[in-house]
Amino acid sequence: MDRETLNMILDTLDKFEKDWLSAEKKLELDKEGRFPEEIIRFMLSPEMALHLVFIPEEYGGLGAGASDIALISERMAKMDLAIATSFLGICLGMDPLRVGATEEQKEKFIRRIAEEGLIVAYCVTEPEAGSNVQAIRTKAERVYENGVLKGYKLNGTKQFITNGCVADMYTILARAPDGPSFFIAEKGEKGLITGRDEDKHGIRASNTCALSFEDLYVPKENLIGLKEGEGLKQANEVFGYTRLMVATFGLGAGTASLERVIKYSKERVQFGTKLSEKQGYTHRFIAPNAVKLEAARAYIEKVAKRIDKGEKDLHAEGSIAKYFSSEIADSIANDGIQALGGYGYMREYEVEKIKRDARILTIYEGTSEIQRNIISTFRMRDTVRSKGEFYSRMADSLEKIPEDTYGPALSKGIRILNELIKEIRKQKLSKEQHILFLLADIITWCEIADSLCHKAADGEDFIKAASRLFVKEAMEKLFVNGITIAYGCGKRLTVGDEIKKIDFSYLSKNYLEDMNLVSKTVLERI
Ligand SMILES: Cc1cc2nc3c(=O)[nH]c(=O)nc-3n(C[C@H](O)[C@H](O)[C@H](O)COP(=O)(O)OP(=O)(O)OC[C@H]3O[C@@H](n4cnc5c(N)ncnc54)[C@H](O)[C@@H]3O)c2cc1C
C-alpha cells in the first residue's frame, strides 16, 4: 500500500474516533456491555470500508501488507480494543479462506466479504477444547444423495465466539471423517443456534457468544479447500500473521494507557510540583513502559517486514510478538491505574477500562502459557536443526553494530543462550515444562532486544538509550532465569559459570542518564 493511502486510512480513523467514539460513548458502551452493531456496520459500509485493508487486492480489497496492517490495527486498538476485536474476528474468520480455499471459493466468499461488508465469526474454541484445539468434538458427517457426496451435517457446540450473535458468515472447524476441516455457513441457516451475548470483564462492547449446531447442513462446496483434514494445518498457517495482529493490539492498548498517564502527570500538582517533574514518578510509570513499547514496536516492525517479503514459517516469531506485547500491555495498563491514583480507579478516566480491555490479550489467540510452550519448543528445534547456527548468526550480527546500542553486549548473552539451550537438551531438562517456560522468557526478551538494537543502530539518542535500557533488562532475564535453570534443577549445567560472569556494571553505567533522556523525550512528545 502506498504511503498516501496508508495515511489517508489513519486520518479516516482519527476522524471516525472523533465523530463516533468519544470517551463518553466508549464508557457508555462498556457500562451497558452493548455491541454497537451500527458502528461496526458503518465501518464496513462503502463510506468507510475499513475491512478492505485486510483483503487481498485480487478479491476486491486494498491489498495492504503486514506492515500496513500492523499500523492500522495498532491505531484501532488504541481507539478501542472492543471494536478492534470485532475486526480481529472478521480477519480470523477470513484467514482459513485466505490460506486454504480454492481459487473459486476465494472469488466467491472473500469477494462477498469485501463487497457486502460482511461480519465474519471464527468458530474454533469449544467447551472442552480451548488451548488444545485438537480436542474439538464438533462433528461433520458426510451427506450422500444417490451415493454421491452432497454436503455435510454439523453437530456440536462452540464457545466464546467473537461476533457470534451478529455474524453474517461463520467459519467453523469441525471433525470430518478424514480429520478437522473448516466449513463456511451463513447467518440464519437452519440448525445454527446462537447463545446469549456473554457478560465480560473487558472488551464489553465486543460480542462474544456460544453457538450450537444441530444438524446444520453445509453444501460440499463450502468445505474450505474442498479437502477434508486440512483444518489444523490451515489454523496453524495463519497464526504467524494473526498473532502479530494481536501483538499490535498490545502496542495500541499500552500506548493508549501511557498517553493518558503522561497527560495526567503534566497537569497534576502534588507537593508543589507537577508529577511529570518527579523522578520517582516518571522513572516508575513513564520511562520503563515507554522502553518496553519501543522494544515491542521494533520487533513487530521486523516480523511484519519478513511477512511482507513472503516468509512463511514465522510461527515462533508470531508467538514471541504476541506473548511480549500482550504481557506488557497488561502490565502498562495496570500501571495506568496506579499512575492516576484515585482517579485511575474511577471509570471516568478510561485507564480502568483500558486495563480491563487489555486483559484479554494474554488469553485469546493462544494464552501466554501456550505461547511460551511454542517459543521454547520451536527455538530448541531451530537450534538443533541449524547445529547452533541460528543463535550464532544472531550473535555475529549483533557484534558488528555500534557499541552504544549495547548490541555487542547482547551478542555475548545470545551466545550464552545458545549454550543454555544445548545443555537443557543434553541434560533432558526439556521434559520439565517449567524450565521451558523460564527459557521462553529468556528467548523472548533477548530476541526482542536484538530487534531494538538493530533499529537503534542508526537511530537517534532516544532509541539508543531505549536499546541500552532494554538490553540490560533482557540480560537480567537471562541472568535470573539462567541461574535458576543452571543451578536449581538438580543437574549442574556448565553454562552457569558463563552466566555468572555477565558484566552488569557495564550494562548499568548509563542507566540513570538513559532513564532521564527517555522520560524527557516521551514527555515532550505528548
Ligand atoms: C473474549 C473472548 C473472545 C474469543 N474469541 C474467540 C473466537 O472468535 N473464536 C474462537 O475460536 N475462540 C475465541 N476465544 C477463545 C480463546 O481463544 C480461548 O479462550 C483460549 O484459547 C483459551 O482456551 P480456554 O478458555 O479453554 O482455556 P484453557 O485451555 O482451559 O486454559 C486455562 C488455563 O490453563 C492454561 N493451559 C492450558 N494448556 C496448558 C498447557 N499445556 N500448559 C500450561 N498451561 C496450560 C492456559 O494458559 C490458561 O491459563 C475467545 C475467548 C474470549 C475470552
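General remarks:
- Listed by first and then second residue, the pairs linking a residue in segment 384-403 that is under 16 Å from Cys453 (Cα atoms) and open to solvent by 70 Å² or more (accessible area, probe 1.4 Å) to a residue that is modelled with pLDDT of 95 or more and among the polar types (S, T, N, Q), with Cβ atoms under 6 Å apart and 6 or more places separating them unless they lie on different chains, are Glu399/Ser411.
- Check on Tyr364, closer than 25 Å to Gln234 by Cα, in contact with a strand residue (DSSP E or B) (Cβ under 9 Å, 6 or more places away or on another chain) and within 16 Å of the ligand (Cβ to nearest atom): yes
- For the residues Tyr364, Tyr343, the requirement of being touching a residue at least 12 places away in the same chain (Cβ under 8 Å), touching a Phe, Trp or Tyr at 6+ places or on another chain (Cβ under 7 Å) and farther than 12 Å from Tyr323 by Cβ singles out Tyr343.
- Top-ranked residue in segment 136-147 [being under 29 Å from Phe54 (Cβ atoms) and of a type in the set (A, V, I, L, M); ranked as farthest from the ligand (Cβ to nearest atom)]: Ala140
- Taking segment 175-196 as the range and being out of contact with any Pro (no Cβ under 6 Å at 6 or more places or on another chain) and assigned to a strand (DSSP E or B) as the test, the residues that pass are Arg175, Ala176, Gly179, Pro180, Ser181, Phe183, Ile184, Ala185, Glu186, Leu192, Ile193, Thr194.
- Members of segment 200-224 that are within 28 Å of the chain's Cα centre (by Cα) and either on the phi > 0 side of the Ramachandran plot or within 11 Å of the ligand (Cβ to nearest atom) (or both): Lys200, His201, Gly202, Ile203, Arg204, Ser206, Asn207, Thr208, Cys209, Ala210, Leu211
- Selection status of Lys31, in contact with a helix residue (DSSP H, G or I) (Cβ under 8 Å, 6 or more places away or on another chain) and of a type in the set (D, E, K, R): yes
- Selection from segment 350-361 of residues that are away from the ligand (no atom under 11 Å from the Cβ) and either farther than 30 Å from Arg260 by Cβ or within 18 Å of the chain's Cα centre (by Cα) (or both): Ile354, Lys355, Arg356, Ala358
- Taking the conditions (1) within 16 Å of the ligand (Cβ to nearest atom); (2) exposed (fewer than 15 other Cβ atoms within 10 Å of the Cβ); (3) not aliphatic (A, V, I, L, M) in turn, Lys150 satisfies each one other than (1).
- Set Ala135, Ala129: member being in contact with an Asp or Glu (Cβ under 8 Å, 6 or more places away or on another chain) and either farther than 18 Å from Gly89 by Cα or without any contact (Cβ under 8 Å) to a residue 40 or more places away in the chain (or both): Ala135
- Subset of segment 384-416 (residues that are among the hydrophobic types (A, V, I, L, M, F, W, C) and outside any helix (DSSP H, G or I)): Ile401
- Within segment 138-168, tally of residues that are of a type outside the set (Val, Ile, Thr) and either without any contact (Cβ under 8 Å) to a residue 12 or more places away in the chain or more than 14 Å from Val124 (Cα to Cα) (or both): 14
- Enumeration of residues in segment 170-193 that are within 13 Å of the ligand (Cβ to nearest atom) and either of a type outside the set (Gly, Ala, Ser) or open to solvent by 10 Å² or more (accessible area, probe 1.4 Å) (or both): Tyr170, Thr171, Ile172, Leu173, Pro180, Phe182
- Selection from segment 367-410 of residues that are within 16 Å of the ligand (Cβ to nearest atom) and closer than 30 Å to Gly336 by Cβ: Thr367, Ser368, Glu369, Ile370, Gln371, Arg372, Asn373, Ile374, Ile375
The values are calculated or read from the model by the stated rules, or taken from the named source; none is laboratory data. Bear in mind that the values here come from a model prediction, so they are computed numbers and not experimental data. A quick note on method: Cβ atoms are made from the backbone with ideal geometry, for glycine too, and the neighbour counts reach across all protein chains shown. Only protein heavy atoms, including side chains, enter the accessible area calculation; ligands, DNA and RNA are left aside. Shrake-Rupley method; radii C 1.70, N 1.55, O 1.52, S 1.80 Å.
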